[in-house]
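**Student:** Starting off with a structure, shown below.
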Amino acid sequence: MRIIHKIDDFLHTIFPNIKDENNIINILESFYSYGSHKPKVKIENGFVIVDIDITKIASQENDFKKVITFCENGKFAEAKPLLQSLVKQNPTNSECHRIIGQIHSDEGDQDEAINSLIDALRWDSKNAYALVMMGNIFAKFKNDIETAMKYYDQALIAKPDDNITINNIGANLLQQNKFGEAKKYFHKALSLDKKYPNTHYALALIADKEGDLDLSFNSFIQTAKCSNKNDFFYKKGIEGAYQVANKIFEENNGEKVFKKYRVYLEEKGGVEIDLIKDVSIPTPAKIEFAENYDREKHIIKFKDTVPAYEHLIMHELVHLDFVLDAKKEENNLLFTSTQQHKNLFLKSIEPSLSKLKQRGISNEGIDTYGSSLFDGVNSQIFNAPIDLFIENNLYNKFTDLRPYQFVSLLNLVQDGLKAVTDEKVLELTPKDVVSKTKIYNLVGAFQIKDLFAIDFISEYNATKIELDTANKFYQEYQEYKEDRKPAEEYELVQHWAEDLKLSEYFELIGENQYRKRSNIDDFIDDLEKDPFGTDEKDPIKEKKMEAFLENQKEIGLNMAVVMFMVGAQEFFEGKSKEDIKTIAFEIAMQGTQGYDPNVKNYKLSVIPNKTFSGYQMLAYYYVSWAIAIPEMLSQLQLPFDNEYKLALTMYRAK
């Protein structure tokens, strides 16, 4: 066998009798000689090389395996004599010396342990386990950190890519409260494996001890993120993060964050913002926009009894920020519902309401329950998608708020879980409503798991369909979140509601259009200036037009529209331009919010006793303007030029 030692300070550490290079060869020849075997020792390029003729190692393999088995089962008394026999027969096995050293250390004889470990290192100076054990003994039992560091540093050289060995060195220093020295090894370990939870946990403990609570919190969260839900370190990570978060709350940093942001938004929107404690509100917090209540100020109401309420205030402020950005682009939408929407919802849950009546619940009580359920469903339809973007914004832009966000979301997700798993709730609530509520809650649960490793997903007891739907929604959100443009979150509100068949319980309408609709003077003024809305920026209408145009591209030449156009030509035959213009204007006025090709029952007062499908109405729309007002036809943006050319050819051929 060949043993190679670098001629440096460490060689002098394990061979203290070496005084200078002149006696290296003599000392090593003496140590590595056994029986009649003498080694060949030479020095080359700063290294001393020892060659030994070994013939007995293979014959000891079975006995060495027995030793390992004894040690793994804690039978050190049986292992010790066998090891001593092996070493006596052949002292060249470094691991034999290392295990003897471990046994001596476990027995409390640290000096004999050191002697055996020195022998292990003389036979293999890169035996990382022996190096770490030597460091541990000097750090823990000799209180000699300087010497311990020499051995730990050699372990780094011996195994520079072994993060677990390096982490264990740090852990031993941590036990001795040597935080500075420990961090050096933990950071090295982390650079090798960023997903090893033990290292994150150790750094979290050190940061907590040193008073760096934000770093401690983030390291505890990383501990949980790098662990499986049932692992020891997952639980310790979540518990540690919660405990440190509560220490942070005592310093009141959350108010500092939202006060600064509040001032920024007041300047951005030109409207003051009042914060009001109100334990009577149905949700933990809510924002009342000034323009919706005919006030001079926005008001954020919140329950200060809710854990980490500072996060809830920031959540509402970010919502306001989103609205201000959407308004700037003239794309903001309002979520509205009418009695008609409510009646449709109540009709859908009639069986559940009937059960309440059978139980003797008063009509007033049933009405209150139905209204509460309707409001709750609509609140979730609107807020669930938008909340994802808000929480992502908070997490990435307001890192000081993360402890508040963590505790607040933990509380909210537990409440949400109870709402869809509590037996009393399930007994009274329609199954369809529970299922759709669960899907929305699951989407939020996916995000909380991503942000803070809080994993309650399995506790929802969701069906495969519910999980798949929630996952599909979350993936759609993921596609939007990186480059979200103002008001794009409303697309998810609409899409998800349509997928869950909830879209008939509300209407999204452009805020500008809603305000005009509410102010009759403005409405009449705009009607006179732009009767057909060709110059008006309406985000809902624009989205519908985009979808319609995209659909037309996929369809290509629409023969249904062609045939309806031929019929329109026949209908308008013999009528004056003025009569056709009257029809064109009514079609345009009625279609200010667009025509849906899927609707089958459009009517016109100027063409009584006739019902039009969506495509039929669009065909009459195009043809009437092409005949009576051709100079404005292009402003309709109807993609039927080719259909009209073919329809004219077919009509003239008759």
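The values are calculated or read from the model by the stated rules, or taken from the named source; none is laboratory data. Because the structure is predicted, anything quoted here is derived from the model rather than measured. Cβ atoms come from the backbone with ideal geometry, glycine included; neighbour counts cover every protein chain shown.
**Student:** Are any of the residues in segment 33-41 surrounded by 12 or more Cβ atoms within 10 Å (Cβ to Cβ), without any contact (Cβ under 8 Å) to a residue 24 or more places away in the chain, in a helix (DSSP H, G or I) and on the phi < 0 side of the Ramachandran plot?
**Tutor:** No, there is no match, as no residue in segment 33-41 is surrounded by 12 or more Cβ atoms within 10 Å (Cβ to Cβ), without any contact (Cβ under 8 Å) to a residue 24 or more places away in the chain, in a helix (DSSP H, G or I) and on the phi < 0 side of the Ramachandran plot.
**Student:** Within segment 588-605, how many residues are among the aliphatic types (A, V, I, L, M) and under 17 Å from PRO639 (Cα atoms)? Walk me through it before giving the result.
**Tutor:** Within segment 588-605, the first condition is being among the aliphatic types (A, V, I, L, M), and the residues that meet it are 588-589, 599, 604.
Remaining after also requiring under 17 Å from PRO639 (Cα atoms): 588.
Total satisfying the criteria: 1.
**Student:** For segment 42-78, which positions are surrounded by 17 or more Cβ atoms within 10 Å (Cβ to Cβ), among the aliphatic types (A, V, I, L, M) and modelled with pLDDT under 85?
**Tutor:** ILE52, VAL67 - these are the residues of segment 42-78 that are surrounded by 17 or more Cβ atoms within 10 Å (Cβ to Cβ), among the aliphatic types (A, V, I, L, M) and modelled with pLDDT under 85.
**Student:** Over 22 Å from the mean Cα position of the chain (by Cα), crowded, with 21+ Cβ neighbours inside 10 Å and over 16 Å from TYR404 (Cβ atoms): which single residue out of ALA202, ALA290, ALA224 fits that description?
**Tutor:** Exactly one residue qualifies, and that residue is ALA202.
**Student:** Oh, and also: When you scan segment 513-620 for helices (runs of 4 or more DSSP H) that lie fully inside it, which ones turn up with 3 or more residues that are modelled with pLDDT of 85 or more?
**Tutor:** On the way: elements: 520-529, 539-555, 559-572, 577-590.
It comes to 559-572, 577-590.
**Student:** Restricting attention to segment 572-610, which residues are surrounded by 15 or more Cβ atoms within 10 Å (Cβ to Cβ) and small (Gly, Ala, Ser)?
**Tutor:** The answer is ALA584, ALA588, GLY591, GLY594.
**Student:** Quick check on this structure: which one of SER372, SER352, SER379, SER348 is touching a residue at least 60 places away in the same chain (Cβ under 8 Å), under 30 Å from HIS311 (Cα atoms), under 37 Å from the mean Cα position of the chain (by Cα) and in the same structural domain as LEU428 (by TED's automatic domain parsing)? Before the answer, list the steps.
**Tutor:** Working: SER372 fails: touching a residue at least 60 places away in the same chain (Cβ under 8 Å); SER352 fails: under 30 Å from HIS311 (Cα atoms); SER348 fails: under 30 Å from HIS311 (Cα atoms).
Result of the check over SER372, SER352, SER379, SER348: SER379.
**Student:** Quick check on segment 568-605: of everything there that is closer than 23 Å to TYR651 by Cα and of a type in the set (S, T, N, Q), which residue is farthest from the chain's Cα centre (by Cα)?
**Tutor:** SER576
**Student:** Within segment 467-500, work out how many residues are of a type outside the set (D, E, K, R), in contact with a helix residue (DSSP H, G or I) (Cβ under 6 Å, 6 or more places away or on another chain) and assigned to a helix (DSSP H, G or I). Working first, answer last.
**Tutor:** Let us first name the residues in segment 467-500 that are of a type outside the set (D, E, K, R), namely 467, 469-471, 473-475, 477-478, 480, 486-487, 490, 492-497, 500.
Adding the requirement that they be in contact with a helix residue (DSSP H, G or I) (Cβ under 6 Å, 6 or more places away or on another chain) leaves 469-470, 473-474, 477, 486-487, 492-493, 496-497, 500.
Now restrict to residues that are assigned to a helix (DSSP H, G or I): 469-470, 473-474, 477, 492-493, 496-497.
The number of residues fulfilling the criteria is 9.
**Student:** While we're on this one: Scan (1) modelled with pLDDT under 95; (2) out of contact with any Phe, Trp or Tyr (no Cβ under 8 Å at 6 or more places or on another chain); (3) among the charged types (D, E, K, R) for the single condition ASP450 breaks and write down its number.
**Tutor:** So ASP450 meets the others, but not (1).
**Student:** For segment 105-112, does any single residue satisfy the condition of being among the acidic types (Asp, Glu), surrounded by 17 or more Cβ atoms within 10 Å (Cβ to Cβ) and not in a helix (DSSP H, G or I)?
**Tutor:** Step one: list which residues in segment 105-112 are among the acidic types (Asp, Glu), which gives 106-107, 109, 111-112.
Subset that is surrounded by 17 or more Cβ atoms within 10 Å (Cβ to Cβ): none.
No, the conditions are met nowhere in segment 105-112.
**Student:** Identify all residues within segment 237-257 that are out of contact with any Leu (no Cβ under 7 Å at 6 or more places or on another chain) and surrounded by fewer than 19 Cβ atoms within 10 Å (Cβ to Cβ); write none if there are none.
**Tutor:** Kept after step one, since they are out of contact with any Leu (no Cβ under 7 Å at 6 or more places or on another chain), are these residues of segment 237-257: 237-243, 245-246, 249-253, 255-256.
Matches in segment 237-257: GLU239, TYR242, GLN243, ASN246, PHE249, GLU250, GLU251, ASN252, ASN253, GLU255, LYS256.
**Student:** A follow-up question, please. Of the residues that make up segment 330-345, is at least one in contact with a helix residue (DSSP H, G or I) (Cβ under 7 Å, 6 or more places away or on another chain), more than 27 Å from LYS501 (Cβ to Cβ) and in contact (Cβ under 8 Å) with a residue 40 or more places away in the chain?
**Tutor:** yes
**Student:** Still on this structure, please answer the following. Could you tell me which of the residues GLN222, GLN243 is over 30 Å from TYR151 (Cβ atoms), at pLDDT 95 or above and polar (S, T, N, Q)?
**Tutor:** The match here is GLN243.
**Student:** Additional query: Could you check segment 348-442 for helices (runs of 4 or more DSSP H) lying wholly inside it with 2 or more residues that are β-branched (Val, Ile, Thr)? Write out each step before concluding.
**Tutor:** Numbers: elements: 350-358, 363-397, 402-421, 423-428.
Once the helices (runs of 4 or more DSSP H) in segment 348-442 are filtered for at least 2 residues that are β-branched (Val, Ile, Thr), what remains is 363-397, 402-421.
**Student:** Right, next: Among the residues in segment 299-319, are any loosely packed, with under 15 Cβ neighbours inside 10 Å and assigned to a helix (DSSP H, G or I)?
**Tutor:** The initial filter retains those residues of segment 299-319 that are loosely packed, with under 15 Cβ neighbours inside 10 Å, namely 304-305.
Next cut, assigned to a helix (DSSP H, G or I) only: none.
No, segment 299-319 contains no residue that is loosely packed, with under 15 Cβ neighbours inside 10 Å and assigned to a helix (DSSP H, G or I).
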